[in-house]
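The values are calculated or read from the model by the stated rules, or taken from the named source; none is laboratory data. In this text, all values refer to a predicted model and were calculated from it rather than measured experimentally. Note: ideal-geometry Cβ built from the backbone for every residue, glycine included; neighbour counts use all protein chains shown.
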Amino acid sequence: MKLLLTILVLVFINSSQIFAQYYTDFAGEDINGNEIKLGSYIEKGPVMLGFWRSWCPSCKEEQRNMQILYEKYKQKGFSYIGVNIDNQKSVSKVKSYVSTMGFTFPVILDTDKKIFEMYGGSEDAVPYYLIIGKDKNVLHTHLGYKSGDEKMIEDEIKEALGIR
């Protein structure tokens, strides 16, 4: 009985990551009204999807560090797509925030959270990211962010690019 309970708890804890292991293509609109198709990015190399909210302090820190990593590895085939999951009330702040911060990576607005849920996100569990390899396999997922995580993320990006 105790073993069964332990197994059920582990399945529950890992259920979002199990779901997130499957690649599903999508098209979304970025903050400038351009269509972004995940598949067109995957063709070029690994893609990191970073789900965030504009009012989340750890999301903001992660986004600042992702700008640095994006610039460092984009010429090697790496793409980063920020997926903002603010609601309709706060989404108006996203474009000005992205502009003020000087982010050059694409940012998709996912106000209905369809992309977020498609990739295993759960309400209020941000920042959340996943790295999808060129072979369309989800290589890494991570929930939360704290200072220093950028080193781990960079190692995962390098692994996805085949850089040692």
Problem set entry | Per-region count, segment 1-26, residues surrounded by 10 or more Cβ atoms within 10 Å (Cβ to Cβ), over 15 Å from the mean Cα position of the chain (by Cα) and modelled with pLDDT of 50 or more | 0
Exercise. Does any residue of segment 40-58 turn out to be surrounded by fewer than 15 Cβ atoms within 10 Å (Cβ to Cβ), under 20 Å from Ala125 (Cα atoms) and more than 14 Å from the chain's Cα centre (by Cα)?
Worked result: yes
Exercise. Quick one: which of Lys114, Lys60 is closer than 22 Å to Asp25 by Cβ and basic (Lys, Arg)?
Worked result: Lys114
Exercise. Looking only at segment 35-61, which residues are over 19 Å from Ser96 (Cβ atoms) and either part of a helix (DSSP H, G or I) or among the basic types (Lys, Arg) (or both)?
Worked result: Lys37, Leu38, Gly39, Ser40, Tyr41, Ile42, Lys44, Ser58
Problem set entry | Hey, Lys76 surrounded by 13 or more Cβ atoms within 10 Å (Cβ to Cβ), at pLDDT below 95 and basic (Lys, Arg) or not | no
